[in-house]
Every structure is written in C-alpha cells, then in structure tokens.
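The values are calculated or read from the model by the stated rules, or taken from the named source; none is laboratory data. Computed from a predicted structure; not experimentally measured. Ideal geometry is used to build each Cβ from the backbone, glycine not excepted, and the neighbour counts take in all protein chains shown. Note: accessible area is taken over every heavy atom of the protein model, side chains too, but ligands, DNA and RNA are not part of it. Shrake-Rupley method; radii C 1.70, N 1.55, O 1.52, S 1.80 Å.
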Amino acid sequence: MPGTLTRPELTAADRCDRCGAAAKARAVLPSGGELLFCGHHARAYEAGLRDVRADLQQDEQ
C-alpha cells in the first residue's frame with residue numbers, strides 16, 4: 001500500500017513568496033499549488049486563504 005505524500009519541513013532556504021523573508025507558513029491550495037509566507041504575510045492573508053479552503057501549515061519552530 002503506498003504511503004501518504006507529505007510536504008517537506010520548511011528550511012532556512014525557503015522564502016516568503018510575497019517579500020522574500022524566511023518562510024514560516026505554507027498554504028497548500030486546493031489545485032495542488034503551494035505558497036510560502038513569512039509570519040507577517042501568513043497572518044495578513046490567513047482569512048483569504050481559508051476562504052479558498054487552502055490547507056495552512058505553520059512552521060513548528
């Protein structure tokens with residue numbers, strides 16, 4: 001039986017798609033695409049991302 005696909009943990013090399021700061025959150029869109037955000041932009045766009053039913057994943061660090 002195949003295992004579940006998971007997305008890799010965010011690393012220091014992952015950058016916010018909006019401003020280029022260190023990524024602290026990943027938004028996985030229903031279409032399968034993903035966006036990375038710093039903490040500031042994750043909070044700023046959280047409501048809109050939830051409206052489109054994106055899966056929001058916060059960095060544990």
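Quick grid of which residues meet (1) at pLDDT 95 or above; (2) in a strand (DSSP E or B); (3) surrounded by fewer than 10 Cβ atoms within 10 Å (Cβ to Cβ):
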position	(1), (2), (3)
8	no, no, yes
20	yes, no, yes
26	yes, yes, no
60	no, no, yes
Applying the selection to the range 48-58, what residues are out of contact with any Leu (no Cβ under 7 Å at 6 or more places or on another chain), open to solvent by less than 100 Å² (accessible area, probe 1.4 Å) and part of a strand (DSSP E or B)? 55, 57
Taking the range 28-47 only, how many residues are outside any loop (DSSP other than H, G, I, E, B) and either open to solvent by less than 40 Å² (accessible area, probe 1.4 Å) or on the phi > 0 side of the Ramachandran plot (or both)? 6
List the residue pairs whose Cβ atoms are under 6 Å apart, where the first residue sits in the range 17-46 and is within 10 Å of residue 58 (Cα to Cα) and of a type outside the set (A, V, I, L, M, F, W, C), the second is outside any loop (DSSP other than H, G, I, E, B) and open to solvent by less than 30 Å² (accessible area, probe 1.4 Å), and the two are 6 or more positions apart or on different chains. 24/39; 26/36
